[in-house]
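Have a look at the structure below before the remarks.
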Amino acid sequence: MITQMLFRALDRKTAWVALLILIAAAAVPLANLYLPASNPLHVPDYAVPLFGKYLTYAMLALALDLVWGYCGILSLGHGAFFALGGYAMGMYLMREIGPRGVYANPILPDFMVFLNYKALPWYWNGFDNFWFAALMVVLVPAALAFAFGWFAFRSRVTGVYLSIITQALTYALLLAFFRNDMGFGGNNGLTDFKDILGANIQAGTTRAALFAASGIALALALLVCSMIVNSKLGKVMVAVRDAESRTRFLGYRVENVKLFAFVVSAVIAGIAGALYVPQVGIINPSEFEPANSIEIVIWTAVGGRGTLIGPIIGGILVNFGKSIFTGWLPDYWLFALGGLFVFVTLFLPKGIVGTVTGLWVSTRRRPVVAAAEVLQPEPEAAE
Amino acid sequence: MSEAREKLGTMLYLNGVSVSFDGFRALNNLSIIVHPAEMLAIIGPNGAGKTTMMDIITGKTRPDDGDVYFDGRTDLTKLDEAKIANLGIGRKFQKPTVFESQTVWDNLVLALKKPRGVFASLSYHASGADTARIEEILATVRMTARKHDLAADLSHGQKQWLEIGMLLAQDPKLLLVDEPVAGMTDSETVETAKLLKEIAKTRSIVVVEHDMSFVRDLGSRVTCLAEGSVLAEGTLEQVSANPMVIERYLGR
Ligand SMILES: Nc1ncnc2c1ncn2[C@@H]1O[C@H](COP(=O)(O)OP(=O)(O)O)[C@@H](O)[C@H]1O
Ligand SMILES: [Mg+2]
């Protein structure tokens, strides 16, 4: 059954993109480690974690697209799941520091010593173990998504109202994580990491490995999403997106369909966050900023929502553009981003990928998901 | 006769159903019975409450008052849309509602009677029997040639047929069909009547329609609704000869 689903998931395009990502996951680290700096194909040291970060953003956009592009749930709080995965990883990295902190406390991280903690808060237990932390990277976002989705979808909160409460969710977490007595380092967050699984986190080989891990995780996430959207459940999700109440009258439990998509999406976002933190070296409450979550929506819209490849391209391209642009005119990035969003909404409503495939197959129409109407969902027609 | 006895052996049993919207009484003490393998045609002026009645049966609207029973024993007023659909009640909407961004084939796959759960849908793989059934339905509703087209590209009449096909795919015990021939040509209308009569040999159907020649073709029992309750019942001849029906519906 699984092999059957995998086979179905691997349509030509997905297979190529997954392969391409895997090639990049191997090629970039190798070109960094083994090519001499004089070689034009050499990847400089600073670029490895930078590109690795883009891969985690691409994964985050892919996660959002699963719920927004396919299931019609416009989450404006997906940054929260990313940040929670990041914090779980950050907690492990903090405990890995051990007695090498400024205060040399073998158990307590520096910020706790500084804030006069006498003992480790109970929820920090277990995070000295990588695999426990890895489990939490998955479980914590999943649990939050499940609890949130359970209530929201059951009470049939949809559309703008749902978007607003997802935004409120991430904002509430932002405020909570800002507080020093939450035990997550407050404003400063978690940083000064030393090593991961015993390897120096700054070392070139570690960064290369993290990049490769990000690429592999992205390719796997793509396969999982592809498996879902190409199954009958994927058709049900699109049905929910396009005509929710009609789907109910066919006997589907819409709330369960949404809950499934939302939880899977949160898990993918959490894993992306966990890969992001060791590559950027810090996690702090700003990751919960509502504006971050809105940026994810823009990456997805730019790349093409309702296509699995689109958000990956959008996540990488927009953030690559951001790196270049902010190096050049740092104060104007938000204007550029806003302008980009307006441009895409007006002129490329299907995003880059949707527009290109649209041109490609305009002669022989295929059931590619219509990803138009970014800002104006079809009125529900089930009277 | 006790109420329980009355319900016994019915497919659909509405008794004294009332519902108001902002003080406006859309249904007023409405009572209707449909037997197994029986077709009932419902006529009546716009705003009579015909669609609202279907909303109540399918769980979209809750009645303020009255009983709604399916199959003689299941109280529909306690269940939600998905549960009611899974009991075996299928509905075609007044405004044809198909999944526009999906193909005709996929619309039928979605409707096909199969386990509706998340994980069952995730691992679903069309069996040979499923494919054959869909091909059969496509032939019945004459859409074989369009099976790979998006539902959005169909004409209004074809969407109606696709939705009837989806009803067939659901394999329900009771079909609620709201204005099925709106937007159809005369010959399509005649075909639809034939198809519904064929279906009614084994299932119960409630058809709402304004088109009198279509209702005549159905040749079923007729109920005329007005202002949320039954105005007249009987054969089409009896109902259309009823002076109240003439005054409040046909005569307009
Ligand atoms: N959800 C609703 N909210 C408010 N009014 C409604 C609602 N549904 C139906 N109505 C009103 O109830 C009356 C009956 O409508 P309907 O059942 O659609 O009539 P019919 O299908 O017989 O033409 C109409 O006046 C309509 O405006
Ligand atoms: Mg109506």
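No value in this document is a laboratory result; all are computed from the given coordinates. Quick caveat, the model's predicted, so the values are computed rather than measured. Don't worry about glycine lacking a Cβ; one is built from the backbone with ideal geometry, like all the others, and counts go over all protein chains shown.
Collect the residues in the stretch B:115-133 that are in contact (Cβ under 8 Å) with a residue 12 or more places away in the chain and either at the interface with chain A (Cβ under 8 Å from one of its Cβ atoms) or crowded, with 20+ Cβ neighbours inside 10 Å (or both), keeping them in residue-number order.
Applying the first criterion (in contact (Cβ under 8 Å) with a residue 12 or more places away in the chain) to the stretch B:115-133 yields B:116, B:126, B:130, B:133.
If the condition is that a residue be in contact (Cβ under 8 Å) with a residue 12 or more places away in the chain and either at the interface with chain A (Cβ under 8 Å from one of its Cβ atoms) or crowded, with 20+ Cβ neighbours inside 10 Å (or both), then B:ARG116 is the only one that fits.
If B:GLU163 satisfies all but one of (1) more than 13 Å from every other protein chain (Cβ to nearest Cβ); (2) in contact with a Phe, Trp or Tyr (Cβ under 9 Å, 6 or more places away or on another chain); (3) not in a loop (DSSP other than H, G, I, E, B), what's the number of the condition it fails?
It fails just one condition, (1).
Can you tell me which residue is nearest to B:GLY49 (Cα to Cα) among those in the stretch B:208-247 that are more than 18 Å from the chain's Cα centre (by Cα), among the acidic types (Asp, Glu) and more than 15 Å from ligand 1 (Cβ to nearest atom)?
The residue in question is B:GLU233.
Return the total of residues in the stretch B:67-94 being crowded, with 23+ Cβ neighbours inside 10 Å, within 9 Å of chain A (Cβ to nearest Cβ) and over 24 Å from B:LYS159 (Cβ atoms).
Qualifying residue count, the stretch B:67-94: 0.
Considering only the stretch B:53-66, state which residues are surrounded by 17 or more Cβ atoms within 10 Å (Cβ to Cβ) and away from ligand 2 (no atom under 16 Å from the Cβ).
B:GLY59, B:PRO63, B:GLY66 - these are the residues of the stretch B:53-66 that are surrounded by 17 or more Cβ atoms within 10 Å (Cβ to Cβ) and away from ligand 2 (no atom under 16 Å from the Cβ).
Report, by residue number, each residue of the stretch A:1-19 that is more than 14 Å from every other protein chain (Cβ to nearest Cβ), in a helix (DSSP H, G or I) and surrounded by fewer than 14 Cβ atoms within 10 Å (Cβ to Cβ).
A:ARG12, A:TRP16, A:LEU19, listed by residue number.
Yes or no: the stretch B:34-45 includes at least one residue that is buried (at least 22 other Cβ atoms within 10 Å of the Cβ), on the phi > 0 side of the Ramachandran plot, touching a residue at least 12 places away in the same chain (Cβ under 8 Å) and within 12 Å of ligand 1 (Cβ to nearest atom).
Yes, the conditions are met somewhere in the stretch B:34-45.
Pairs needed: first member in the stretch B:203-232, within 14 Å of chain A (Cβ to nearest Cβ) and closer than 19 Å to B:LEU176 by Cβ; second member anywhere, of a type in the set (Lys, Arg) and within 13 Å of ligand 2 (Cβ to nearest atom); C-beta distance under 9 Å; at least 6 residues apart or different chains.
B:VAL208/B:LYS50
Within the stretch B:29-52, count every residue that is within 15 Å of ligand 2 (Cβ to nearest atom) and either away from chain A (no Cβ under 14 Å) or among the polar types (S, T, N, Q) (or both).
10
Just wondering, is there one or more residues in the stretch B:179-194 that are away from ligand 2 (no atom under 16 Å from the Cβ), assigned to a loop (DSSP other than H, G, I, E, B), more than 18 Å from B:LYS95 (Cβ to Cβ) and of a type outside the set (Ser, Thr, Tyr)?
Narrowing the stretch B:179-194 to residues away from ligand 2 (no atom under 16 Å from the Cβ): B:184-194.
Right, trim to assigned to a loop (DSSP other than H, G, I, E, B) and you get B:184-185.
Retained after the next criterion (residues that are more than 18 Å from B:LYS95 (Cβ to Cβ)): B:185.
If we keep only those that are of a type outside the set (Ser, Thr, Tyr) as well, we get none.
No, there is no match, as no residue in the stretch B:179-194 is away from ligand 2 (no atom under 16 Å from the Cβ), assigned to a loop (DSSP other than H, G, I, E, B), more than 18 Å from B:LYS95 (Cβ to Cβ) and of a type outside the set (Ser, Thr, Tyr).
Of the numbered conditions (1) closer than 29 Å to B:ASP65 by Cβ; (2) more than 16 Å from ligand 2 (Cβ to nearest atom); (3) surrounded by 18 or more Cβ atoms within 10 Å (Cβ to Cβ), B:ALA151 satisfies every one except a single condition; which is it?
B:ALA151 satisfies all of (1) closer than 29 Å to B:ASP65 by Cβ; (2) more than 16 Å from ligand 2 (Cβ to nearest atom); (3) surrounded by 18 or more Cβ atoms within 10 Å (Cβ to Cβ) except (1).
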